[in-house]
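Each remark here refers to the structure printed beneath this line.
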Amino acid sequence: GAGVSQSPSNKVTEKGKDVELRCDPISGHTALYWYRQSLGQGLEFLIYFQGNSAPDKSGLPSDRFSAERTGGSVSTLTIQRTQQEDSAVYLCASSLGQVTNTIYFGEGSWLTVV
Amino acid sequence: GIQVEQSPPDLILQEGANSTLRCNFSDSVNNLQWFHQNPWGQLINLFYIPSGTKQNGRLSATTVATERYSLLYISSSQTTDSGVYFCAVEASGTYKYIFGTGTRLKVLA
């Protein structure tokens with residue numbers, strides 16, 4: 001596609017439910033990043049993929065968070081047993097190669113846990 | 001881990017004014033990028049600038065990696081420049097970008 005596509009754009013879920021957030025990177029981009037941004041705050045690194053591999057998962061806040069990437073393209077971020085503190089914008093970005101290339105962000109998935 | 005601090009945290013300008021935003025980082029970095037987050041939340045890449053100077057229209061950026069800082073210059077500011085400016089650095093060998101604390105800019109007409 002022309003840009004990084006994320007879905008859903010908005011999600012309201014009840015505490016304790018599981019959610020899946022999807023990221024479709026720019027075609028041909030091998031590097032993919034997930035970040036989280038709470039209201040009025042900076043960006044918190046979650047995970048980075050190079051191809052289908054995730055060399056660094058250290059940013060995932062807890063074992064309720066997981067992510068996968070298949071076919072070197074689409075990535076899914078899953079949050080199990082959501083908590084109110086998970087409410088945030090989840091941002092996905094991609095770049096052509098490894099970290100030496102310009103990063104392009106999607107518009108984000110706004111998650112609200114009630 | 002690496003610390004990335006930006007200054008000033010907040011900035012209000014009159015349209016047409018110039019400004020300099022600063023990004024300091026605590027360790028050696030391989031890569032550095034500047035982003036603008038508009039009032040609707042979209043992050044736009046402004047510069048990929050691990051070292052040296054680049055210019056794009058009214059914006060320019062300089063990174064002095066040996067002294068661990070980068071500067072973003074905005075000249076003849078416009079209301080559309082409002083938003084939050086972030087720098088992001090990749091510490092050597094970590095394969096992840098750490099974002100700074102941001103500078104929130106408001107340009108008044």
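The values are calculated or read from the model by the stated rules, or taken from the named source; none is laboratory data. Fair warning: this is a prediction, and the values are worked out from it, not measured in the lab. Neighbour counts are summed over all protein chains in view; Cβ atoms, including those assigned to glycine, are modelled from backbone coordinates with ideal geometry.
The set of residues in segment B:13-31 being modelled with pLDDT of 95 or more, of a type outside the set (Gly, Ala, Ser) and surrounded by 12 or more Cβ atoms within 10 Å (Cβ to Cβ) consists of B:Leu13, B:Glu15, B:Thr20, B:Leu21, B:Arg22, B:Cys23, B:Asn24, B:Phe25. The residues of segment B:68-109 that are farther than 23 Å from B:Ser26 by Cβ and among the polar types (S, T, N, Q), listed by number, are B:Ser75, B:Ser76, B:Ser77, B:Gln78, B:Thr79, B:Thr80, B:Ser82.
Taking each residue of segment B:93-104 that is within 7 Å of chain A (Cβ to nearest Cβ) and looking for partners that are surrounded by 17 or more Cβ atoms within 10 Å (Cβ to Cβ) and in a loop (DSSP other than H, G, I, E, B) with beta-carbon atoms closer than 6 Å, six or more apart or interchain, yields B:Tyr95/A:Val99; B:Phe99/A:Gly42; B:Thr101/A:Gly42; B:Gly102/A:Gly42.
One residue stands out in segment B:65-79 among those that are touching a residue at least 40 places away in the same chain (Cβ under 8 Å) and surrounded by fewer than 13 Cβ atoms within 10 Å (Cβ to Cβ): the one that is farthest from the other protein chains (Cβ to nearest Cβ), namely B:Ser76. Looking at A:Leu60, A:Leu46, just one residue is within 26 Å of B:Phe35 (Cα to Cα) and not in a loop (DSSP other than H, G, I, E, B), and that residue is A:Leu46. Scanning segment B:80-92 for residues being more than 9 Å from chain A (Cβ to nearest Cβ), in contact (Cβ under 8 Å) with a residue 60 or more places away in the chain and either in a strand (DSSP E or B) or aliphatic (A, V, I, L, M) (or both) gives a total of 4. If only residues of segment B:58-79 that are among the β-branched types (Val, Ile, Thr) and at pLDDT 95 or above are counted, the one that is farthest from A:Tyr48 (Cα to Cα) is B:Thr79.
Would you mind finding the one in B:Thr53, B:Thr62 that is exposed (fewer than 14 other Cβ atoms within 10 Å of the Cβ), free of Cβ contacts under 8 Å to residues at least 24 places away in the same chain, over 23 Å from A:Leu46 (Cα atoms) and in contact with a strand residue (DSSP E or B) (Cβ under 8 Å, 6 or more places away or on another chain)?
Numbers: B:Thr62 fails: exposed (fewer than 14 other Cβ atoms within 10 Å of the Cβ).
Going through B:Thr53, B:Thr62 in turn, the sole match is B:Thr53.
Taken over segment A:1-13, residues that are in a strand (DSSP E or B) and of a type outside the set (Ser, Thr, Tyr) amount to 4.
Which of the residues spanning segment A:14-43 are under 24 Å from A:Leu96 (Cβ atoms) and either in contact with a Cys (Cβ under 7 Å, 6 or more places away or on another chain) or part of a strand (DSSP E or B) (or both)? First the steps, then the outcome.
Residues of segment A:14-43 under 24 Å from A:Leu96 (Cβ atoms): A:21-37, A:43.
Selection gives A:Leu21, A:Arg22, A:Cys23, A:Asp24, A:Ala31, A:Leu32, A:Tyr33, A:Trp34, A:Tyr35, A:Arg36, A:Gln37, A:Leu43.
Of the strands (runs of 3 or more DSSP E) lying entirely inside segment B:1-65, the ones with 1 or more residues being touching a Lys or Arg at 6+ places or on another chain (Cβ under 6 Å) are found at B:4-7, B:10-14, B:19-25, B:43-48, B:59-64.
Of the residues making up segment A:66-114, those that are of a type in the set (S, T, N, Q), part of a strand (DSSP E or B) and away from every other protein chain (no Cβ under 14 Å) are A:Ser66, A:Ser75, A:Thr76, A:Thr78, A:Thr112.
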